[in-house]
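Trainee: Below is the structure I would like to discuss, written out as structure tokens.
Nothing in this text is a laboratory measurement; each read-out follows from the coordinates by a stated rule. Just so it is clear, the model here is predicted, and its values are computed rather than measured. No Cβ is skipped: glycine too gets one built from the backbone with ideal geometry, and neighbour counts run over all protein chains shown.
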Amino acid sequence: MFYRADPWLHVIAGCMSSGKTDELLRLLRRAEIARRRILLVRPAVDDRTPAEYAESRSKARYPSAPVRQDEAAEILALARERDADLVGIEEGQFFDETIVSVVDALRESGRHVILTGLNLDFAGRPFGVMPTLMAMADEVTTLTAICVVCGETGTRTQRLVGGRPAASDDPLVVIGGYDGAAMETYEARCLRHHEVAPPRDRDVDAILVGVMPPAASSEATPEG
């Protein structure tokens, strides 16, 4: 893709290890050559690298500003403060639903926006606001990885907890670092080799599909 200077939303989506950050940083460097004023932000919850820069798995880096995932409106303030005409947003799936209106406001103000994010969570479900952002985008780039099991095209993010597949009712957001010895690790898998363990809380799973377990109270409600 050639850099565009007009209002434009480009979403770069894909599974873990698909090169989303590398592609974003490549486009930002092209924009630098075009003498664009650039702001790159990333969610503060992602602490895998120091807050002052975003880093890809290939060790490419670019200066960034951390923003709390529940304070996406701060991105607008930063864009105005720095007079940015291109705003890069890393890990869009971690922000709450206000990121949608923020991205729309950035584009309406004449800015170019490039946003990256996981399109699916570890269980293969649409991840947070990413489906909405992809639908409203002017351009979508979907990247794939290599399945670590068979070497075929990987489109799913596999979460392993203690070396075993995570359960479907495990917490949605667990930031995975680059340390392979960490308790939670992530890798790319193809659909055939993507695994999700049965829910740890069977009662919660039954409620989610609309079937109350025999011993449950009629007042029980599922946890969000």
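Trainee: For Glu32 paired with Thr142, estimate the spin-label separation in nm (one decimal), with each label point 7 Å from Cα along the Cα-to-Cβ line.
Mentor: The answer from the label model is 3.2 nm.
Trainee: Determine the shape class of the range 34-93: with a ≥ b ≥ c the square roots of the Cα gyration tensor eigenvalues, call it rounded for a/c under 1.5, and otherwise prolate if a/b is greater than b/c, oblate otherwise. Show your work: numbers first, answer last.
Mentor: On the way: a/c = 2.21, a/b = 1.16, b/c = 1.90.
It is oblate, given that a/c is not under 1.5 and a/b is not larger than b/c.
Trainee: Cα gyration tensor of the range 8-143, axes a ≥ b ≥ c as square roots of the eigenvalues: rounded (a/c below 1.5), prolate (a/b > b/c) or oblate?
Mentor: rounded
Trainee: A further question follows. So if each residue of separation counts as 0.36 nm, and I subtract the Cα-Cα distance between Tyr53 and His193, what length gain in nm does that give?
Mentor: Details: separation 140, 0.36 × 140 = 50.40 nm, distance 3.35 nm.
Going from the current span to full extension adds 47.1 nm.
Trainee: I want to check the label-to-label distance for Ala73 and Ala60. Put each point 7 Å from Cα in the C-beta direction and report it in nm to one decimal.
Mentor: Going from the Ala73 label point to the Ala60 one covers 3.4 nm.
Trainee: Let me ask something additional. Can you order the peptides 11-22, 136-147 by their average number of other Cβ atoms within 10 Å per residue, highest first?
Mentor: 11-22, 136-147
Trainee: Also: Run the numbers for Ala135 and Asp201: contour at 0.36 nm per residue of separation, minus the present Cα-Cα distance, in nm. Provide the component values of the computation, followed by the final result.
Mentor: On the way: separation 66, 0.36 × 66 = 23.76 nm, distance 3.33 nm.
Additional length available on full extension: 20.4 nm.
Trainee: Using a Förster distance of 30 angstrom, determine the FRET efficiency expected from the C-beta separation of Leu172 and Asp104, and round it to 0.05. All intermediate terms of the calculation are to be shown ahead of the outcome.
Mentor: Working: r = 24 Å, r/R0 = 0.81.
It comes out at approximately 0.80.
Trainee: Measuring from label point to label point, each 7 Å out along Cα→Cβ, what is the Val45 to Cys150 span in nm?
Mentor: 3.2
Trainee: Going by average Cβ density within 10 Å per residue, which order do the peptides 81-91, 58-68 take, highest to lowest? Can you show the working numbers first?
Mentor: Numbers: 81-91: 19.8, 58-68: 15.6.
By packing density, highest mean first, the sequence is 81-91, 58-68.
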